[in-house]
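A.B. asks: The structure is given below, and queries will be raised subsequently.
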Amino acid sequence: MDKFSILKQYFGHDAFRPGQEALVDGILSGRDALGIMPTGGGKSLCYQVPALLLPGVTLVISPLISLMQDQVTALESAGVSAACLNSSQSPEESRRVWNRVRRGECCLLYVAPERLENQRFLELAASLEIPLMAVDEAHCISQWGQDFRPSYLKIAAFVSALPRRPVLAAFTATATARVQKDVVRQLDLRDPVRVITGFDRPNLFFDVRRPRKKLPELLALLEERRGRSGIVYCATRSNVERVWAELNRRGFSAARYHAGLDEEERRVSQEDFQYDRRQIMVATNAFGMGIDKSNVSFVIHYNMPKNLESYYQEAGRAGRDGEAADCVLLYGAGDVATARILLTHGEGGEPEPRELERLNAMVDYCKTNDCLRGRILDYFGQPHPERCGGCGNCRGVFSQADITTQAQMILSCIKRVRDRLGYYVGAALIVQVLRGGHGHRLKELGLDRLSTYGLMREEPRERVRAYLDCLEAGECVYTEPEHATLRLGPRAGAVLFHGERVYMLSRVERRQPEAVPERKPDRIPAAPPDQSLLSALRAERTRLARQEGVPPYIIFSNAALADMAARAPRTPEEFLEVSGVGQVKARRYGEAFLAVIAAWRESQ
Ligand code: ADP
Ligand code: MG
Ligand code: ZN
């Protein structure tokens with residue numbers, strides 16, 4: 001068999017995606033490999049296809065038990081013999097796995113990195129033929145990354161203790177050059193084939209909204225997405241609790257996850273979500289790495305994360321199956337303060353300069369009118385077209401408003417407050433004065449007696465904040481970094497005294513961003529899928545998943561179901577044509593799905 005028949009027969013795919021073939025070829029020719037592809041890019045296949053072609057057993061290092069088990073289940077359901085060894089197994093189970101491996105019955109063996117430090121494991125491994133060792137989530141080896149795992153550092157020592165050095169292949173979605181370098185050095189990769197496919201995720205639709213109130217906005221977003229699976233990230237545990245309770249009260253089927261819950265509760269929550277028993281996961285960023293669920297169709301951030309790396313990683317959990325998915329961030333002015341507190345671990349004081357810089361880039365993302373995808377790719381240093389056409393800003397309708405009068409009110413307020421007190425104050429207090437607030441400090445300082453007090457009483461706070469952002473962008477005001485006070489900028493005088501006009505571009509909010517994937521689809525769909533057929537196929541998938549006790553995406557991905565609905569195959573041969581359907585799955589599930597399709601056709 002060659003790599004193409006493996007790809008078709010086991011995984012049901014017609015062609016390799018960009019980068020996959022080069023990595024597979026490199027590995028098969030005996031070279032080390034470094035594969036850097038975005039989440040959902042298809043890294044697993046790059047070592048799974050060689051594993052099926054090489055003699056012996058391929059070792060795969062994977063950081064989390066849940067990830068390993070998921071992969072093994074997926075492989076087994078595709079007819080590939082695979083197993084894993086981890087600390088959750090009984091000695092009896094481990095022995096069974098070892099016996100299978102020794103008899104040469106496993107093509108792939110997944111292990112946690114901790115296992116490599118075990119002397120007994122090393123002895124057993126030394127007796128095996130191991131042509132290839134794949135290190136998944138290889139960024140865990142770097143202290144510069146987000147998920148450093150010290151035991152990853154033991155991999156190189158383990159490899160050099162083996163009687164024959166296997167080919168080493170490392171995979172990660174992490175973008176930074178520093179981490180990439182670290183991976184090569186720490187793993188001691190030798191002249192590896194490098195494939196870096198870029199970080200863009202064309203099937204993700206990015207959007208930022210600045211609603212006056214977040215909860216109603218969230219409810220509206222979720223209402224539009226009923227029946228789809230998604231994650232709502234909150235910055236704090238208490239937000240998770242509040243949002244979760246509210247969603248359940250409103251009839252959404254939501255699970256929750258944060259570090260304050262005990263292990264058992266977290267496990268149940270995660271499973272409920274993974275098995276589609278609950279549609280929505282409300283979580284802090286503690287919910288993450290172990291999630292390989294491919295059919296997450298949206299990720300909504302209820303709060304702004306502390307930097308764009310975290311944001312992209314979390315948002316990137318949507319659409320792993322290549323289907324269109326949305327990533328929406330709900331931004332509010334309070335998010336910046338919360339992020340600052342999280343950065344200092346609640347101890348107050350100043351965050352580190354580097355952290356602040358990253359936070360500022362995140363805030364810029366929330367405020368910009370430029371292409372959102374472009375902003376992200378800029379951050380990771382990847383060139384891109386000016387407009388992607390597939391984000392809230394590229395698709396948004398903008399209106400330009402003349403806000404000169406409001407600008408003058410704000411600027412003179414800043415000036416008056418400064419004249420009265422002899423020093424500058426922060427933006428929050430200025431906004432209070434303008435909106436005629438009754439705060440304690442405001443009264444104490446006598447700011448309610450200023451002529452600018454209450455000038456913008458009619459304007460919502462978020463709106464006044466938006467004016468301020470616009471003035472800041474136009475250099476009429478600036479925030480002095482040390483005490484975060486708001487000061488008049490170089491252009492303030494022109495606006496106050498020389499009639500210069502100020503315009504604000506604001507997006508006219510529009511619901512329902514229909515996400516259109518721009519990545520070349522893995523294959524051209526025969527016709528747009530029929531929605532009633534698609535939902536019948538989904539129901540069948542749910543039924544089979546329950547029956548077999550596996551998550552639904554293990555049976556077929558959303559992408560496979562969509563292709564199936566588009567093709568509506570009539571015969572087992574036609575069924576095999578569906579993308580994502582290999583021989584074993586066709587044999588196992590073909591009959592059931594063909595029956596559903598036949599029944600649908602009858603009813604037409
Ligand atoms: P990663 O580990 O890079 O995040 P995965 O290996 O989990 O991504 O693959 C993501 C999805 O892409 C899976 O659903 C997989 O079936 C699909 N996929 C991978 N390679 C191909 C291909 N050549 N053609 C079609 N689908 C593919
Ligand atoms: Mg992966
Ligand atoms: Zn765009």
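A.B. asks: So, counting K/R as plus one and D/E as minus one, what does the shell of residues with Cβ under 14 Å around residue 120 add up to?
C.D. replies: Local net charge: 0.
A.B. asks: How much length, in nm to one decimal, is gained on full extension between residue 370 and residue 250, taken as 0.36 nm per residue of separation minus their Cα-Cα distance? Before the final figure, lay out each step's value.
C.D. replies: Working: separation 120, 0.36 × 120 = 43.20 nm, distance 3.51 nm.
Extending this stretch completely gives an extra 39.7 nm.
A.B. asks: Ok, one more. Less than 18 Å from a label point 7 Å out along the Cα-to-Cβ axis of residue 191: which backbone N atoms in the stretch 158-172 qualify, by residue?
C.D. replies: Only 165-170 fall inside the zone, counting backbone N under 18 Å.
A.B. asks: I've got another one for you. What number comes out for the charge environment of residue 445, summing +1 per Lys or Arg and -1 per Asp or Glu over other residues with Cβ under 15 Å away?
C.D. replies: With Lys, Arg at +1 and Asp, Glu at -1, the neighbours total +3.
A.B. asks: With the contact rule set at Cα under 8 Å and sequence spacing of 6 or more, what percent relative contact order holds for the chain?
C.D. replies: 14
A.B. asks: Related question: Using only alpha carbon pairs under 8 Å that are at least six residues apart, calculate the relative contact order of the stretch 352-405 and give it in whole percent. If you can, show how the numbers build up before the last one.
C.D. replies: Details: 31 pairs, mean separation 14.9, N = 54.
Reported as a whole number, the value is 28 percent.
A.B. asks: A follow-up question, please. For labels at residue 444 and residue 277 in the simple 7 Å Cα→Cβ model, what's the distance in nm?
C.D. replies: Going by the 7 Å Cα→Cβ label model, 5.3 nm.
A.B. asks: So, in nm, how far is label residue 99 from label residue 592 when the simple model puts each one 7 Å beyond its Cα toward the Cβ?
C.D. replies: It works out to 2.9 nm between the two label points.
A.B. asks: How much accessible area per residue does the chain have, counting only protein heavy atoms and a probe of 1.4 Å, in square angstrom? Write out the running numbers ahead of the final one.
C.D. replies: Numbers: 27000 Å² over 604 residues.
That works out to 45 Å² per residue.
A.B. asks: Next question. In whole Å, what are the Cα extents of the stretch 364-414 along the three principal axes, biggest one first?
C.D. replies: Extents along the principal axes, in whole Å: 42, 23, 14.
A.B. asks: Another question, if that's okay. Quick one: in the stretch 222-311, what % of C-alpha pairs are over 20 Å apart?
C.D. replies: Beyond 20 Å sits 27 percent of the P(r) for the stretch 222-311.
A.B. asks: Sticking with this one: For the chain, what % of the accessible area comes from carbon and sulfur atoms, probe 1.4 Å?
C.D. replies: Working: 13270 of 27000 Å².
Percent of accessible area from carbon and sulfur atoms in the chain: 49.
A.B. asks: Still on this structure, I have one more. With the Cα gyration tensor of the stretch 331-462 in hand, convert its eigenvalues to equivalent ellipsoid semi-axes via √(5λ) and list them largest first in whole Å.
C.D. replies: Values: eigenvalues 225, 98, 28 Å².
Result for the stretch 331-462: semi-axes of 34, 22, 12 Å.
A.B. asks: Using 1/(1 + (r/R0)^6) with R0 = 25 angstrom and r between the beta carbons of residue 262 and residue 224, what's the FRET efficiency to the nearest 0.05?
C.D. replies: 0.15
A.B. asks: Over the stretch 274-314, consider all pairs of different Cα atoms and compute the Kirkwood hydrodynamic radius from their mean reciprocal separation; express it in Å, one decimal. Could you put the intermediate results ahead of the total?
C.D. replies: Values: mean 1/r = 0.0871 Å⁻¹.
One decimal place: 11.5 Å for the Kirkwood radius.
A.B. asks: Follow-up. Hey, how many Å between the Cα centroid of the stretch 551-604 and the Cα centroid of the stretch 320-351?
C.D. replies: 41
A.B. asks: Follow-up question, since we're still on this one. Given the DSSP H assignment, sum -39500 (n - 2.57) over each helix run of at least 4 residues in the chain and divide by its residue total; what's the result at 222 nm in deg cm²/dmol, nearest 500?
C.D. replies: -13500 deg cm²/dmol
A.B. asks: Next up: Could you check the spin-label model distance between residue 354 and residue 602? Points 7 Å from the Cα along Cα→Cβ, value in nm.
C.D. replies: Label at residue 354, label at residue 602, 6.5 nm between them.
A.B. asks: A further question on this structure: Please state the Cα pair-distance histogram of the chain with 10 angstrom bins from zero: what percent is in each bin?
C.D. replies: 3, 15, 23, 24, 17, 9, 6, 3, 0
A.B. asks: Moving on. What does the convex hull of the alpha-carbon atoms of the stretch 204-394 project to on average, in nm²? Spell out each step's value before the answer.
C.D. replies: Values: hull surface 43.6 nm².
Hull-based average projected area comes out at 10.9 nm².
A.B. asks: If I stretch the segment between residue 14 and residue 162 completely, what's the gain in nm (0.36 nm per residue apart, minus their alpha carbon distance), one decimal?
C.D. replies: Extending this stretch completely gives an extra 49.6 nm.
A.B. asks: Between residue 178 and residue 126, what FRET efficiency comes out of the Förster formula 1/(1 + (r/R0)^6) with R0 = 30 Å and r the beta carbon distance, rounded to 0.05?
C.D. replies: Working: r = 34 Å, r/R0 = 1.13.
Taking R0 as 30 Å, the efficiency between residue 126 and residue 178 is 0.30.
A.B. asks: Then there is this: Sequence gap at least 6, Cα distance under 8 Å: using those rules, report the relative contact order of the stretch 401-509 to the nearest whole percent. Walk me through the numbers before you get to the answer.
C.D. replies: Numbers: 138 pairs, mean separation 38.5, N = 109.
Over the stretch 401-509, the number comes to 35 percent.
A.B. asks: When the chain is fully extended, how far beyond the present Cα-Cα distance does residue 143 get from residue 65, taking 0.36 nm per residue of separation?
C.D. replies: Extending this stretch completely gives an extra 26.0 nm.
A.B. asks: Expressed as a whole percent, how much of the Cα-Cα distance distribution for the stretch 3-196 exceeds 20 Å?
C.D. replies: 52
A.B. asks: Another question about this same structure. Per Stokes-Einstein, at 25 °C and 0.890 mPa s, what whole-number D in µm² s⁻¹ belongs to the stretch 401-509, with the Kirkwood radius over Cα pairs as the hydrodynamic radius?
C.D. replies: Result for D is 176 µm²/s.
A.B. asks: Can I ask one more? Under the Kirkwood approximation applied to all pairs of distinct alpha-carbon atoms, what is the hydrodynamic radius of the stretch 531-603 in Å?
C.D. replies: 11.9
The values are calculated or read from the model by the stated rules, or taken from the named source; none is laboratory data. Note that the structure is a prediction, hence the values are computed from the model and not measured. Counting neighbours? That spans all protein chains shown, and the Cβs are built from the backbone with ideal geometry, glycine included. What goes into the accessible areas is simple: the full protein's heavy atoms, side chains included, and nothing from ligands, DNA or RNA. Shrake-Rupley method; radii C 1.70, N 1.55, O 1.52, S 1.80 Å.
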